[in-house]
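Down below is the structure, laid out as structure tokens.
Any read-out appearing in this document is the output of simple, stated calculations on the displayed coordinates, not a laboratory observation. Quick caveat, the model's predicted, so the values are computed rather than measured. Virtual Cβ from ideal backbone geometry, glycine too; neighbours counted across all protein chains shown.
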Amino acid sequence: MKPMLELHSVSHVYVNDKGASLAVEGLELSVGRGEFVSLVGPSGCGKTTVLSLLAGLFPPARGEILLDGQPVRGPSTKVGYMLQQDYLFPWRTILDNARMGLEVRGAITSERTAEVRRLLEEMELGGTEERYPHELSGGMRQRVALVRTLATEPEVLLLDEPFSALDMQIKLQLEDLVQRTLRRLGKTAVLVTHDLAEAAAMSDRVIVLGSRPGHIRQVFNIPREIQQRLPTGARRHPGFQDVFDAIWEELDASEEGADAHDKPTPD
């Protein structure tokens, strides 16, 4: 599988008036074209830092990041970034919000608008084009945000806990919709999440990060028979609990000094 994203010996340091803090160190990672990878780890292990580096929001202090074989020197139109908050403009219609990225790039055409409308239909948002954000539920708003991200036709999607604020039923529905759409379009995706079941259900691989500083502790390849299912079906697979347990045990081991606590079960 040809790499779409590569991190080679990547380290990053944050500097403020209190001194320097090593956020991540020595990251080596390759994400193939069309692959879905999740990053999990304890708070402060650098998950969002990794996404920001991949997005080209700032350069690493050391090492190199490649996007489709080319060094990342800044933000790229090949990369879309979706956050936990939808950041829809309340005074704009759903269609205009969904076309926002195209508008910023001066790329609104009748063909692109037709594609945005088709994506809204695919996300079960048909008929909402002339409505406003306050008229939609949280899950619907997140789907609009996804359409806005996909409308610019990025090759890579970076997802920073986009489902974490949603009710469980809506969250599961959205996971399926996102996975189905990304597979159809052949997109590469990197997801940051605190939900281990979500990571295991959506991913081809799950990367467990350790902290102080952030580093890769373990890489879990999700069994093919689980990968091939949509997330709701993956959770019901007989082997899913074993995958979840293995990831949980590695994550638990990474949390040095944490208080003893009961092991959760997948949602």
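For the stretch 63-88 and the stretch 1-20, what is the separation of their C-alpha centers, rounded to whole Å?
Centre-to-centre (Cα) distance: 13 Å.
Return the inverse of the average 1/r over all pairs of distinct C-alpha atoms in the chain, which is the Kirkwood hydrodynamic radius, in Å to one decimal.
19.3 Å
Subtract the Cα-Cα distance of Arg112 and Ala20 from 0.36 nm times their separation in residues, and report this length gain in nm to one decimal.
28.6 nm
What's the FRET efficiency of Lys2 with Asp167 using the Cβ-Cβ distance as r and R₀ = 35 Å, to the nearest 0.05?
0.35
Per residue of the stretch 199-209, what does 6.51 cos²θ - 1.76 cosθ + 1.60 with θ = phi - 60° give for ³J(HN,Hα)? Whole Hz please, x for Gly and Pro, Karplus curve as stated.
Along the stretch 199-209, the couplings run 4, 5, 6, 9, 9, 7, 9, 10, 9, 9, 9 Hz.
Output wanted: per-residue J couplings in Hz (rounded whole) for the stretch 125-132, from phi through Karplus 6.51 cos²θ - 1.76 cosθ + 1.60, θ = phi - 60°, x for Gly and Pro.
Calculated HN-Hα couplings, in order: 10, x, x, 9, 3, 9, 7, 10 Hz.
Using a basic spin-label model with each label point 7 Å from the Cα along Cα→Cβ, how many nm lie between Arg212 and Glu121?
Computed distance between label sites Arg212 and Glu121 equals 5.5 nm.
Would you mind calculating the relative contact order of the chain from Cα pairs under 8 angstrom and at least 6 residues apart, reporting the percent as a whole number?
Relative contact order for the chain comes out at 24 percent.
Please state the equivalent ellipsoid semi-axes for the stretch 94-157: what are the square roots of 5 times the Cα gyration tensor eigenvalues, largest first, in whole Å?
In descending order, the three semi-axes are 18, 12, 11 Å.
What angle, in degrees between 0 and 90 and rounded to the nearest 10, separates the Cα long axis of helix 240-254 from the longest principal axis of the Cα atoms of the chain?
With rounding to tens, the tilt is 60 degrees.
Have a look at Lys78, Lys171, Lys18 and tell me which one the Gaussian network model of the chain (Cα, springs below 10 Å) gives the largest fluctuation.
The residue with the greatest mean-square fluctuation here is Lys18.
Starting from the coordinates of the alpha-carbon atoms of the stretch 116-246, obtain the Kirkwood hydrodynamic radius over all distinct pairs and give the value in Å to one decimal.
Its Kirkwood hydrodynamic radius stands at 15.9 Å.
Please report the Cα spread of the stretch 66-190 along all three principal axes, rounded to whole Å, starting with the longest.
Here the spans come out as 42, 34, 24 Å, largest first.
For Tyr87 and Arg229 in one chain, what is 0.36 nm times their gap in residues minus the Cα-Cα distance, to one decimal in nm?
Full extension from Tyr87 to Arg229 adds 48.1 nm.
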